[in-house]
Amino acid sequence: MKRIGLLTSGGDAPGMNAAIRAVVRTAIYYGIEVFGIERGYAGLIDDTMTQMEMRSVSDIVQRGGTKLRTARCLEMLTEEGQRQAVATLEKHGIEGLVVIGGDGSFRGAKSLTEGFGIPTIGIPGTIDNDLEYTDYTLGFDTAVNTCLDIINKLRDTMTSHERISVVEVMGRHCGDIALYAGITSGAEIIVVPEIAYNMDDIISRINRSRANGKRSNIIVIAEGVMTADAFAKQLQEMTSYSVRATTIGHIQRGGSPTMADRMLAAQFGNKAVHLLKDGIGNRVVGIHKNEIIDMDIIEAVSMKKKFNYELYETLQMISM
Ligand code: ATP
């Protein structure tokens, strides 16, 4: 393979830039040219791309966001849009494509492979950690660390006033950010889309913790359940505690990637190019049990994300 394309698509995630760098540098190492496509599939359809060199990716390993920018592109859902995307690839002699994004972006890659025979490799870049085939996605670790930083600060003020803090985190339909941030911040309760909550049980748990000498409580709620405001209102109406709501919001998408995310980015980017170089396409890369793996795109996108109930039980046991 002499020339490949690279794009970031869907929601941005810290570590995408580090992955761009790894793809570009590995490809150049092997004498493969890389074209950086701007704004995801929109740039592929509009033909907005430039050739990337060693120095195009200098000084980005530590930056959040994505240098190539990203977009959600409805045209890519249509056959006409996909044909246009393929025409752009053919025009530039691009023989393979690396797509950094979430499951929607992988479906876009799958459509190019299935419908038009373009070899594609997906790199999981999303803070949500909502892909079953990989233990971690790029950006998840950084997003959780950002949540921890904010929850630590909230704990200071909540303890001083003996309040309950309801903190809303992202994750769409997946409770992983809430689960990991909850366990590692010492939150007493997490509320996630995967498990139906019972407000009476939550109040009993808070009462017990107060009877045991706790002066504040942290409840981490995933956005897929309801807003922190709505949950705090319900709780306030049913108790005499002072309840405050905080929505972390887009802050958790930004920031310098952690070591863990930069390491994943380096390994995912490197692996993606190795696969294309060896003529292997239609795969996604990931990490499982500390090993970098690759899997068929169709198999990967059809796997249903499982919630880690064991970790949830751990939180229940250690957070009182
Ligand atoms: P995140 O998890 O951060 O939201 P994502 O990759 O899942 O990332 P989506 O908005 O679902 O984000 O998808 C990104 C883009 O991928 C879409 O805007 C669209 O261009 C393309 N895409 C999504 N689903 C399909 C599909 N079924 N066929 C072709 N292209 C698709």
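Read-outs: derived from the displayed coordinates by stated rules, not from any lab. Since the structure is predicted, the reported quantities are computational estimates derived from the model, not experimental observations. Glycine also receives a Cβ, built like all others from the backbone with ideal geometry; neighbour counts cover every protein chain displayed.
Mind checking the stretch 149-222 for GluC sites (Glu not before Pro) that DSSP puts in a loop (not H, G, I, E or B) and that have at most 14 other Cβ atoms within 10 Å? Mind showing how you got there, number by number?
Details: sites: 162, 168, 188, 194; in loops: 162, 188, 194.
Hits after loop and neighbour filter: 162.
Can you give the Rg to Rh ratio of the stretch 71-128, both from alpha-carbon atoms, with Rh computed by the Kirkwood formula? All intermediate terms of the calculation are to be shown ahead of the outcome.
On the way: Rg = 11.1 Å, Rh = 11.7 Å.
Rg/Rh: 0.96.
Just 258, 184, 78 to compare: in a GNM of the chain, with alpha carbon springs under 10 Å, which one fluctuates most?
Among 258, 184, 78, the largest mean-square fluctuation in the Gaussian network model of the chain belongs to 78.
Using +1 on the beta carbon of Lys and Arg, -1 on that of Asp and Glu, and nothing else charged, what's the dipole of the stretch 131-230 about the Cα centre, debye to 20?
Here the stretch 131-230 has a charge dipole of around 560 debye.
Report the rotationally averaged projected area of the stretch 88-194 based on its alpha-carbon convex hull, in square nanometres. Mind dumping the intermediate values first?
Details: hull surface 33.6 nm².
Its average projected convex-hull area is 8.4 nm².
Residue-wise, which Karplus ³J(HN,Hα) couplings in Hz belong to the stretch 273-288, taking 6.51 cos²θ - 1.76 cosθ + 1.60, θ = phi - 60°, and x for glycine or proline?
Calculated HN-Hα couplings, in order: 5, 4, 4, 4, 4, 7, x, 9, x, 6, 10, 10, 9, x, 10, 9 Hz.
Please rank 140, 307, fewest neighbouring Cβ atoms within 10 Å first, as an exposure proxy. The partial results should precede the final answer.
On the way: 140 31, 307 15.
Going from sparsest to densest Cβ surroundings: 307, 140.
Evaluate 2.2 N^0.38 Å with N set to the residue count of the chain, then give the Cα radius of gyration divided by it.
In units of the globular-protein estimate, the chain measures up at 1.09.
Only four residue types carry charge here, +1 at the Cβ of Lys and Arg and -1 at the Cβ of Asp and Glu. Report the dipole size of the chain about the Cα centre in Debye, rounded to the nearest 20. Could you put the intermediate results ahead of the total?
Details: 34 positive and 39 negative charges, 151 e Å.
In total the dipole reaches around 720 debye.
Could you tell me what percent of the DSSP beta bridges with both partners in the chain are antiparallel, to the nearest 5? Spell out each step's value before the answer.
Working: 10 of 41 bridges.
Close to 25 percent.
Treating only the Cα positions of the stretch 180-227 as identical point scatterers, give the base-10 log of I(q)/I(0) from the Debye formula at each q in 0.29 Å⁻¹.
Log10 I(q)/I(0), no solvent term: -1.17.
Between the stretch 6-67 and the stretch 165-201, what is the C-alpha centre distance in whole Å?
Going from one Cα centre to the other spans 34 Å.
Could you sort 29-41, 81-93 so that the peptide with the highest average Cβ count within 10 Å comes first and the rest follow in order? Each step should come with its number before you reach the end.
Working: 29-41: 20.2, 81-93: 16.8.
Highest mean packing first, the order is 29-41, 81-93.
Considering the Cα trace of the stretch 255-320, what is its radius of gyration and what is Dmax, both in angstroms?
Rg then Dmax for the stretch 255-320, in Å: 16.1, 53.
Looking at the chain as a GNM with Cα springs under 10 Å, which of 228, 245, 143 has the largest mean-square fluctuation?
245
Measure off 7 Å from each Cα along the Cα-to-Cβ vector at residue 227 and residue 244, then give the distance between these two points in nanometres to one decimal.
1.9
By the gyration tensor of its Cα atoms, with a ≥ b ≥ c the square roots of the eigenvalues, what is the shape of the stretch 1-140: rounded for a/c under 1.5, prolate for a/b over b/c, or oblate?
Verdict is oblate for the stretch 1-140.
What are the radius of gyration and Dmax of the stretch 44-99, computed over its Cα atoms and given in Å?
That works out to 13.5, 38 Å for Rg and Dmax.
Specify the residue with the greatest mean-square fluctuation among 207, 198, 270, computed from a Gaussian network of the chain linking alpha-carbon atoms under 10 Å apart.
For the chain, modelled as a Gaussian network with Cα springs under 10 Å, the answer is 198.
Net charge near residue 171, counting Lys/Arg +1 and Asp/Glu -1 over other residues with Cβ under 9 Å of its Cβ? Kindly include the intermediate steps, with their values, before the conclusion.
Numbers: positive: 172; negative: 128, 130, 176, 223.
Once all neighbours under 9 Å are counted, the net charge is -3.
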